[in-house]
1. Return yes when Arg178 is assigned to a helix (DSSP H, G or I) and of a type in the set (D, E, K, R) and no when it is not.
2. The conditions are (1) at pLDDT below 85; (2) part of a helix (DSSP H, G or I), and Met108 fails exactly one of them. Which is it?
3. Within the group Val133, Val142, which residue is assigned to a helix (DSSP H, G or I) and modelled with pLDDT of 85 or more?
4. Any chance you could count how many residues in the range 92-107 are touching a residue at least 12 places away in the same chain (Cβ under 8 Å) and farther than 30 Å from Phe161 by Cα?
5. Please tell me if Arg93 is assigned to a loop (DSSP other than H, G, I, E, B) and either at pLDDT 80 or above or among the basic types (Lys, Arg) (or both).
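The values are calculated or read from the model by the stated rules, or taken from the named source; none is laboratory data. Computed from a predicted structure; not experimentally measured. Every residue, glycine among them, receives a Cβ derived from its backbone with ideal geometry; neighbour counts consider all protein chains shown.
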Amino acid sequence: MTMETIHCQQCGAANSGRSGQCWLCHHPLAAEPSQTRGLSPTTAVATASTANTFTLSSLMLIVALIAVCLGVMREVPGLGIALAVVSTPALVRTVFAARRRERTGRPMSTGEKVVTFLGSVGVVATVCVASGVAFVTICFPVGLASFNISSGDGGGIVLAFGLGILAALVVAALLFRRLWPRKE
């Protein structure tokens, strides 16, 4: 008794005749095994649009980004941490944007992914700088004022720090909503 093999029209992976979706890319398989019988995986890949899957190029871009962050972190730890803090939300946003476009039937090309990532890095860097400025703008004067009127118990410093954090979070939330509008 031989098992029917169905090659995925999306990625070309060989699947058993019983499975309803590809084990590799989770693309729905053809209803009839005869529709793909005789196609080699290379033929199936050549004829299928592979832009809808998590491709090797996307994986390599992520691995390269991680390698750059780790390399910079090894040489200049402070800069490496800042790079990771800025690039991680940008990477997550790029992945979600690519998946959203894929679901609408218009997959992103590699160039569009890179442009989306770089734009996201710009947004995250802008938000970080603006939040830092808001923190310093609120925290520094309140901290100085607390030294003048405080009895030295440190309550003014805590108040200044708390207000600075609150201002930074408000600025970050407003900028993220303005610079990253939700696309339905």
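1. Working: assigned to a helix (DSSP H, G or I): yes; of a type in the set (D, E, K, R): yes.
Yes; evaluated as a whole, the condition is true for this residue.
2. (2)
3. Values: Val142 fails: modelled with pLDDT of 85 or more.
The match here is Val133.
4. Step one: of the range 92-107, the residues touching a residue at least 12 places away in the same chain (Cβ under 8 Å) are 93-94, 97-98, 100, 102, 107.
Those still in the list that are farther than 30 Å from Phe161 by Cα too: 94, 97-98, 100, 102, 107.
Residues in the range 92-107 being touching a residue at least 12 places away in the same chain (Cβ under 8 Å) and farther than 30 Å from Phe161 by Cα: 6 in total.
5. On the way: assigned to a loop (DSSP other than H, G, I, E, B): no; either at pLDDT 80 or above or among the basic types (Lys, Arg) (or both): yes.
Judged against the criteria, Arg93 is not a match.
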